[in-house]
């Protein structure tokens, strides 16, 4: 058992329960303020250097840029790089994955993660995190790197919750992109969007994946 899992067994158990009951879970303080600040500074530096690219939608031949759907900028990460300044983040995430695999039987075997910067006014319209010909994504995950974020700053993650009965209407939950917070949810079941941000919004974003047969 890793150090993180030994210290946070109660938290991990609660997160697994949240995921099973509502399809999403939220871990505040997954990163500490000093860690969040250091990573955000690094992201800012790489963004200023022009390392990021405008994000697109779709996969393969369906891929396209569409600023009416999303207007964030991304930079892909290599989670296998043990010398990366993000290595500690991935080590911590793997502890969570191991626990979820053991308790929720998710079969997660891989990660696909990138940095995301939403400049002022940027957004991502409602969507589902799966492709037509690829069912590999199990959980979507976002870890926020923002500082002193408030409701007035916008940029909330809005997760749409399906009705629990035929006579019920759809509801949603808005989650503030508070620094250090990790949110994860079922990629193939919960549609979501990012509301317009009123200042630069930073995150590590991606998917926990299983091996699939084509």
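Which residues in the range 76-103 have a backbone N closer than 19 Å to a point placed 7 Å from the Cα of residue 35 along the Cα-to-Cβ line? Only 77-101 fall inside the zone, counting backbone N under 19 Å. Would you work out if the range 15-117 is rounded, prolate or oblate? Take a ≥ b ≥ c from the square roots of the eigenvalues of the alpha-carbon gyration tensor; rounded if a/c is under 1.5, else prolate when a/b is larger than b/c, oblate otherwise. Oblate shape, in that a/c is at least 1.5 and b/c is the bigger or equal ratio.
Extension gain for residue 170-residue 54 works out to 38.6 nm (0.36 nm per residue, less the C-alpha to C-alpha distance).
Remark: the residue 88-residue 199 segment gains 37.3 nm on full extension, using 0.36 nm per residue and subtracting the alpha carbon distance. With neighbour counts taken as other beta-carbon atoms within 10 Å, the residues 95, 36, 169 rank, fewest first, as 169, 95, 36. Shape class of the range 166-206 from the alpha-carbon gyration tensor: prolate, with a/c at 1.5 or above and a/b greater than b/c. For the range 99-214, rounded, prolate or oblate, judged on the Cα gyration tensor with a ≥ b ≥ c (square roots of eigenvalues), a/c < 1.5 rounded, else prolate if a/b > b/c? Judged from the Cα gyration tensor, the range 99-214 comes out oblate (a/c at least 1.5, b/c at or above a/b).
Only the coordinates and a few stated rules stand behind these numbers; no lab work does. Quick caveat, the model's predicted, so the values are computed rather than measured. Cβ sites come from the backbone with ideal geometry, for glycine too, and all protein chains shown count toward neighbours.
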